[in-house]
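The values are calculated or read from the model by the stated rules, or taken from the named source; none is laboratory data. Keep in mind that this is a model prediction, so the values were computed, not measured. Quick reminder, even Gly has a Cβ in these numbers, built from the backbone with ideal geometry, and neighbours come from all protein chains shown. Quick note on the areas: whole protein, heavy atoms, side chains included, nothing else; ligands and nucleic acids left out. Shrake-Rupley method; radii C 1.70, N 1.55, O 1.52, S 1.80 Å.
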Amino acid sequence: MPSLEDELFPSTPGKFKIDRGHNINRQFHRCFASTSTMFIWALFLIALTASYLSFQSFVDSGNRYFTASWGGIQWEKQIRNSAKTNRPGGMSVLVTGAAGFIGSHVSLALKKRGDGVVGLDNFNNYYDPSLKKARQSLLHSQAILVVEGDLNDVKLMAKLFDLVAFTHVMHLAAQAGVRYAMENPSSYVHSNIAGLVTLLETCKSANPQPAIVWASSSSVYGLNDKVPFSELDRTDQPASLYAATKKAGEEITHTYNHIYGLAITGLRFFTVYGPWGRPDMAYFSFTRNILQGKTITIYRGKNKADLARDFTYIDDIVKGCLGSLDTSGRSTGSGGKKRGPAPYRNFNLGNTTPVKVPTLVNILEKHLRVKAKRKIVEMPGNGDVPYTHANISLARREFGALA
Ligand SMILES: O=C(O)[C@H]1O[C@H](OP(=O)(O)OP(=O)(O)OC[C@H]2O[C@@H](n3ccc(=O)[nH]c3=O)[C@H](O)[C@@H]2O)[C@H](O)[C@@H](O)[C@H]1O
């Protein structure tokens, strides 16, 4: 019968040559010569473990303190100040994606007319975050606070609604870009699906519930070939994961409108451009490359057809966003329960005059006074669509948007 000692120590030769029998006992006794010494050792070990654990929790809480970019009395005061309205009947608006291109413009326009604005942005590095920081500073100079945090942070979202009874949410935070979805698909799910649901969950439970206006996209029309695109056209053939997440957003928001009585407006933006724009967009990257003497790649569709976009200027989009907020209607629910039907709307916001991509390059050449080095290639199967063209009669009718 193997002894306990035999069972505890492997019989195969290994790194540790076991000195059996007396030696083991001797070693054991050398360490724990008596019960009293054993007791002291045990105490020592307990003390060591306890101090390690408390040190760990100190480090953890320290990390929480130092890495958290929100929280504290001062921060709460700043939030309340930023949300304060400055006109009779003014709105208190939570603008998500406030350090983004459209978010920063909309925030400034709201503040300018006397509405209260609190911004939220996760400052991700899809493009250089220093541009987002610069926009944040611009907003800060107009007394708009942009909180650094993620939509998926349930505690932060709840805290913001604890501090301010937002009347409206302008939800512009998203993973943008059509072609990048092939490189980083999960970022679209994280922001455009999970983040949207977290926001809606927060809004549904808020008391009072805010009305929500959010950024959908022209890309929901996907392979639709009926032009100009009308809200009545089919949107069940997305050409990219980006488009699919925006289309999913329209379905998800409909559900929250239906179950919880949230007033919801989706805005289908058509390729927005302007100052403080996104460096990943063609007008921006073409300009940079032309100035640096680099070759630009211009995609072309089937049968050598030029691609075209209904490029829309930011000021028109801002008008559409404010018009949507002003006509959003009210959410009817409270405490997570629907009390009656609430408005659910989707609008195109576009220029209504598509421009071919080579024409865009001609315009840039003219203004930059530099000839572009063009490389024309077949449009790769990366989610692009050949053209976009908005019909905006619905938006015009509802709030006289744009021109
Ligand atoms: O309306 C939208 O819903 C979307 O608009 C925008 O997407 P797009 O319309 O694809 O804009 P953008 O990249 O500027 O490409 C413009 C044109 O240049 C072509 N293009 C582009 C890059 C290139 O290297 N070559 C090229 O020919 C390209 O094929 C295209 O024909 C937003 O980025 C997106 O987030 C979403 O909001």
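Which one of K371, K356 is more than 11 Å from the ligand (Cβ to nearest atom), surrounded by fewer than 20 Cβ atoms within 10 Å (Cβ to Cβ) and of a type outside the set (S, T, N, Q)?
K371
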Query raised in the report: Mind checking which residues of the stretch 206-230 are in a helix (DSSP H, G or I) and under 16 Å from T253 (Cβ atoms)?
Result: V220
Report task. Identify all residues within the stretch 209-230 that are more than 10 Å from the ligand (Cβ to nearest atom) and of a type in the set (S, T, N, Q); write none if there are none. Result -> Q209, N224, S230
Query raised in the report: Out of the stretch 364-403, which residues are within 33 Å of the chain's Cα centre (by Cα), closer than 15 Å to A282 by Cα and acidic (D, E)?
Result: D384
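Yes/no per residue for (1) at pLDDT 95 or above; (2) of a type outside the set (S, T, N, Q); (3) open to solvent by 10 Å² or more (accessible area, probe 1.4 Å):
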site	(1), (2), (3)
G119	yes, yes, no
S137	yes, no, yes
A158	yes, yes, yes
L163	yes, yes, yes
M182	yes, yes, yes
I193	yes, yes, yes
Query raised in the report: Of the conditions (1) surrounded by fewer than 19 Cβ atoms within 10 Å (Cβ to Cβ); (2) assigned to a strand (DSSP E or B), F347 fails just one. Which one is it?
Result: (1)
**Report entry** Residue ID - nearest to the ligand (Cβ to nearest atom), chosen from residues in the stretch 243-252 that are out of contact with any strand residue (DSSP E or B) (no Cβ under 8 Å at 6 or more places or on another chain) and of a type in the set (G, A, S)
**Finding:** A244
Query raised in the report: Assuming V272 fulfils every condition listed in (1) out of contact with any Gly (no Cβ under 7 Å at 6 or more places or on another chain); (2) more than 11 Å from the ligand (Cβ to nearest atom) apart from one, which condition is it?
Result: (2)
Requested in this report: Among the residues of the stretch 89-126, write down those that are of a type in the set (D, E, K, R) and in a loop (DSSP other than H, G, I, E, B).
Outcome: R113, D115
Query raised in the report: Do we find a residue being assigned to a helix (DSSP H, G or I), surrounded by 18 or more Cβ atoms within 10 Å (Cβ to Cβ), touching a Pro at 6+ places or on another chain (Cβ under 6 Å) and not charged (D, E, K, R) anywhere in the stretch 231-252?
Result: yes
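Kindly indicate whether I298 is within 15 Å of the ligand (Cβ to nearest atom), farther than 27 Å from A194 by Cα and of a type outside the set (F, W, Y).
Values: within 15 Å of the ligand (Cβ to nearest atom): yes; farther than 27 Å from A194 by Cα: yes; of a type outside the set (F, W, Y): yes.
For I298, the condition - within 15 Å of the ligand (Cβ to nearest atom), farther than 27 Å from A194 by Cα and of a type outside the set (F, W, Y) - is met.
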Query raised in the report: Would you call S130 surrounded by fewer than 19 Cβ atoms within 10 Å (Cβ to Cβ), within 20 Å of I314 (Cα to Cα), of a type outside the set (V, I, T) and free of Cβ contacts under 8 Å to residues at least 60 places away in the same chain?
Result: no
Query raised in the report: Hey, I376 hits all of (1) open to solvent by 20 Å² or more (accessible area, probe 1.4 Å); (2) at pLDDT below 95 but one; which does it fall short on?
Result: (2)
Report task. Residue by residue through the stretch 279-298, note down the ones that are open to solvent by 50 Å² or more (accessible area, probe 1.4 Å) and either closer than 30 Å to P343 by Cβ or more than 28 Å from the chain's Cα centre (by Cα) (or both). Result -> L291, Q292, K294, T295, T297
Query raised in the report: Only one residue in T255, T332 is in a loop (DSSP other than H, G, I, E, B), more than 13 Å from the ligand (Cβ to nearest atom) and open to solvent by 10 Å² or more (accessible area, probe 1.4 Å). Which one?
Result: T332
**Report entry** Test set (1) crowded, with 19+ Cβ neighbours inside 10 Å; (2) in a helix (DSSP H, G or I) - T265 fails condition number
**Finding:** (2)
**Report entry** the stretch 263-283 residues that are hydroxyl-bearing (S, T, Y), paired with ones that are open to solvent by 20 Å² or more (accessible area, probe 1.4 Å) and near the ligand (Cβ under 7 Å from one of its atoms) (beta carbon under 7 Å, 6 or more apart)
**Finding:** T271/R309; Y273/M281; Y273/Y283
Query raised in the report: Out of the stretch 301-319, which residues are among the charged types (D, E, K, R) and either in contact with a Leu (Cβ under 7 Å, 6 or more places away or on another chain) or more than 12 Å from the ligand (Cβ to nearest atom) (or both)?
Result: K302, K304, D315, D316, K319
Requested in this report: Among what's in the stretch 295-329 and is in a helix (DSSP H, G or I) and of a type in the set (G, A, S), pick the residue that is nearest to F269 (Cα to Cα).
Outcome: G320
